Amino acid sequence: MKIATFNINGIKARTQALLDWLAEAQPDVACLQEIKSVDEAFPREPFEALGYHIETHGMKAFNGVAILSKLPLEDVTRRLPGDDGDEQARWIEATVMGPKRPVRVCGLYLPNGNPTPGPKYEYKLAWMDRMLTRTRTLLGDEQPLVLCGDYNIIPQAEDAANPQNWLTDALYLPASRAAYQRLLNLGLTDAIRAQNPAPGTYTFWDFQAGAWERNNGIRIDHLLLSPQAADLLQGCGIDKAVRGRDRPSDHVPVWIDLDA
DNA sequence: ATGCCAAGAAAGTCTTGA
């Protein structure tokens, strides 16, 4: 079962780019972030024509997540528990019925948190605390679980080309990284990190200042695996070349292959 | 220190991103 995460930065602007990548990468499951669309406006038809079931959790203009899957999806739930007043569309879960076994998949778009300090950063930290609680509950099932998406977290210095530029940024502040580490401490495996990626391995390059041409990137899109999922891990990768195409997203797809 | 770019909402230019 190939599971990918991809912050597409606008489904309407990226429909063809996403179709092209799906056709060549052939993921069974693709978790999308920043669809920037209400559910009713998601362009379903061309993706259904490729054989994908579609579950969306969108909102007007910003944020928004979705799961595309060639395998059947069951028990789809939307919204991250813990704050009934949170209207931002950043979390969707579904059970993917793999040919060998089911996998619970969570697609997430973790808040950016800038500027710091301020209410947006407080929201990010509170959101991460809610995610910790939700993850603890999900891990109680002791089943294969994949938490994937745009975490907006640079875990370590080697995950940025110029870590000194991020010292006061919400993506790299000690409190942000500590909250991410608390997630890992529940027993999760960062799939890409587990493969000891080469220096200069990133998933995001800013549109500005020639970041792509200079490989001035950061690694902020992650797939975290429960112990039961980590035992099934057969491979993972980053489809870096997507960033060099016409009208790209600023993020690229990251994927795992599970024996499921 | 700031803009550099890009998408969306909306018809100006602002908001958001990271």
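Brief remarks follow.
- Boolean, A:Gly149 is of a type outside the set (Asp, Glu) and in contact with a Cys (Cβ under 8 Å, 6 or more places away or on another chain): yes
- So A:Tyr202, is it over 28 Å from A:Asp28 (Cα atoms), in a loop (DSSP other than H, G, I, E, B) and within 14 Å of DNA strand B (Cβ to nearest atom): no
- Evaluation of A:Arg130 against (1) part of a helix (DSSP H, G or I); (2) out of contact with any Leu (no Cβ under 6 Å at 6 or more places or on another chain) (one fails), failing number: (2)
- Looking across region A:131-165 at every residue that is surrounded by fewer than 17 Cβ atoms within 10 Å (Cβ to Cβ) and acidic (Asp, Glu), the one that is farthest from DNA strand B (Cβ to nearest atom) is identified as A:Glu142.
- Summed over region A:21-37, the residues that are more than 9 Å from DNA strand B (Cβ to nearest atom) and in contact (Cβ under 8 Å) with a residue 40 or more places away in the chain give a count of 9.
- Yes/no for A:Ala198 being of a type outside the set (D, E, K, R), closer than 23 Å to A:Trp127 by Cα and without any contact (Cβ under 8 Å) to a residue 12 or more places away in the chain: no
- Some residue of region A:70-77 being more than 16 Å from A:Thr5 (Cβ to Cβ), crowded, with 20+ Cβ neighbours inside 10 Å, in contact (Cβ under 8 Å) with a residue 24 or more places away in the chain and of a type outside the set (A, V, I, L, M, F, W, C): no
- Residue satisfying all of: in region A:205-217; touching a residue at least 40 places away in the same chain (Cβ under 8 Å) and over 17 Å from A:Gln33 (Cα atoms); farthest from DNA strand B (Cβ to nearest atom) among these: A:Asn215
- So A:Leu173, is it within 16 Å of DNA strand B (Cβ to nearest atom), over 20 Å from A:His251 (Cβ atoms) and surrounded by 20 or more Cβ atoms within 10 Å (Cβ to Cβ): yes
- Filter pass, A:Gln228 being more than 19 Å from the chain's Cα centre (by Cα), closer than 30 Å to A:Thr133 by Cα and not in a loop (DSSP other than H, G, I, E, B): yes
- In the set (1) outside any loop (DSSP other than H, G, I, E, B); (2) within 16 Å of DNA strand B (Cβ to nearest atom), A:Asp86 fails one condition alone, (1).
- Residue pairs whose Cβ atoms lie under 9 Å apart, separated by 6 or more positions or on different chains, with the first residue in region A:96-122 and farther than 19 Å from A:Asp257 by Cα and the second β-branched (Val, Ile, Thr) and within 8 Å of DNA strand B (Cβ to nearest atom), are A:Leu110/A:Ile220.
- Restricting region A:43-76 to residues that are of a type in the set (Gly, Ala, Ser) and part of a strand (DSSP E or B), the residue that is nearest to DNA strand B (Cβ to nearest atom): A:Ala66
- Filter result (within 16 Å of DNA strand B (Cβ to nearest atom), crowded, with 16+ Cβ neighbours inside 10 Å and of a type in the set (Gly, Ala, Ser)) within region A:92-125: A:Gly107, A:Gly113
- The residues of region A:1-42 that are of a type in the set (Gly, Ala, Ser), surrounded by 14 or more Cβ atoms within 10 Å (Cβ to Cβ) and part of a helix (DSSP H, G or I), listed by number, are A:Ala17, A:Ala25, A:Ala41.
- Residue in region A:166-182 that is within 24 Å of A:Ile67 (Cβ to Cβ) and touching a residue at least 24 places away in the same chain (Cβ under 8 Å) present: yes
- Exclusive hit being assigned to a helix (DSSP H, G or I) and surrounded by 14 or more Cβ atoms within 10 Å (Cβ to Cβ), set A:Leu183, A:Leu223: A:Leu183
A short reminder: the numbers here are calculations on the coordinates, not readings from a lab. Please read these numbers as outputs of a predicted model, since none were measured by experiment. Neighbour counts are summed over all protein chains in view; Cβ atoms, including those assigned to glycine, are modelled from backbone coordinates with ideal geometry.
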